[in-house]
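A.B. asks: I have a structure here, written as structure tokens, and I will follow up with some questions on it.
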Amino acid sequence: MRALGVFLALLAVWWILDGSEYLWLGLVAAGLGTALAVTLATPRRDRLRPGRLPGFVVFFLVESVRGGMDVALRAFHPRLPIHPHCFDYALSLPAGKPRLLLVSVTSLLPGTLSADLSADGQTVRIHAINESPQEAVRALEAQVARLFAIPAEAAS
């Protein structure tokens, strides 16, 4: 119903400004304007907030460097202080781009690797070489939620 109102308002503006001689062009313009208005007005939960990207990039770079250094130190340590194990992490982010980003970037945290996503997409199996990587995954999930402007109650 709202789209019809937008269409009629745009068509009325066209008619007031141009008259009825090129009304067919006004119909096309009003239709395109309505399509654009509906597309932009439709809220999407997985829309990235560009203003929050610099903070995520900094987090990403710091964790990537930490991850590389952590694995390198473990590789060159005389007793190889690794504790390989898998654990399941319940995702609280909504389906779509936020979850995909979390699962992809998890492999860049120190000593973690996304191994499998459950069929329902609610749980990710993570392989880790350090003792307690859950806190790092929670921090990443919070960063992804912030990047997509997901409310804290929806991402917890």
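The values are calculated or read from the model by the stated rules, or taken from the named source; none is laboratory data. Computed from a predicted structure; not experimentally measured. Note: ideal-geometry Cβ built from the backbone for every residue, glycine included; neighbour counts use all protein chains shown.
A.B. asks: Here is a list of conditions, (1) within 13 Å of the chain's Cα centre (by Cα); (2) at negative phi; (3) of a type in the set (A, V, I, L, M, F, W, C), and C86 meets all of them except one; can you say which number that is?
C.D. replies: (1)
A.B. asks: Looking only at the range 80-101, filter to residues that are closer than 20 Å to L48 by Cβ and not aliphatic (A, V, I, L, M); which one of those is surrounded by the fewest Cβ atoms within 10 Å (Cβ to Cβ)?
C.D. replies: Ranking the candidates gives G96 first.
A.B. asks: Okay, next question. Residues V38, V62, V57: which one is among the hydrophobic types (A, V, I, L, M, F, W, C), over 13 Å from V144 (Cβ atoms) and loosely packed, with under 13 Cβ neighbours inside 10 Å?
C.D. replies: Every option except V62 fails the conditions.
A.B. asks: Hey, among D46, D18, which residue is surrounded by 13 or more Cβ atoms within 10 Å (Cβ to Cβ), at pLDDT below 85 and over 30 Å from G96 (Cβ atoms)?
C.D. replies: D18
A.B. asks: Here are V57, V62, V28: which of them is over 30 Å from L93 (Cα atoms) and either in contact with a Leu (Cβ under 9 Å, 6 or more places away or on another chain) or without any contact (Cβ under 8 Å) to a residue 40 or more places away in the chain (or both)?
C.D. replies: Just a single option satisfies the conditions, and that option is V28.
A.B. asks: Shifting gears a bit: Identify, from the list S104, S132, the residue that is out of contact with any strand residue (DSSP E or B) (no Cβ under 6 Å at 6 or more places or on another chain), under 17 Å from V62 (Cα atoms) and surrounded by fewer than 14 Cβ atoms within 10 Å (Cβ to Cβ).
C.D. replies: Sole residue among the options that is out of contact with any strand residue (DSSP E or B) (no Cβ under 6 Å at 6 or more places or on another chain), under 17 Å from V62 (Cα atoms) and surrounded by fewer than 14 Cβ atoms within 10 Å (Cβ to Cβ): S104.
A.B. asks: Report, by residue number, each residue of the range 107-156 that is in the same structural domain as F60 (by TED's automatic domain parsing), among the acidic types (D, E) and under 19 Å from the mean Cα position of the chain (by Cα).
C.D. replies: D116, D120, E141
A.B. asks: Are there helices (runs of 4 or more DSSP H) fully within the range 1-102 with at least 3 residues that are among the aromatic types (F, W, Y), more than 28 Å from Q143 (Cβ to Cβ) and out of contact with any Phe, Trp or Tyr (no Cβ under 6 Å at 6 or more places or on another chain)? List them.
C.D. replies: Hits in the range 1-102: 2-18.
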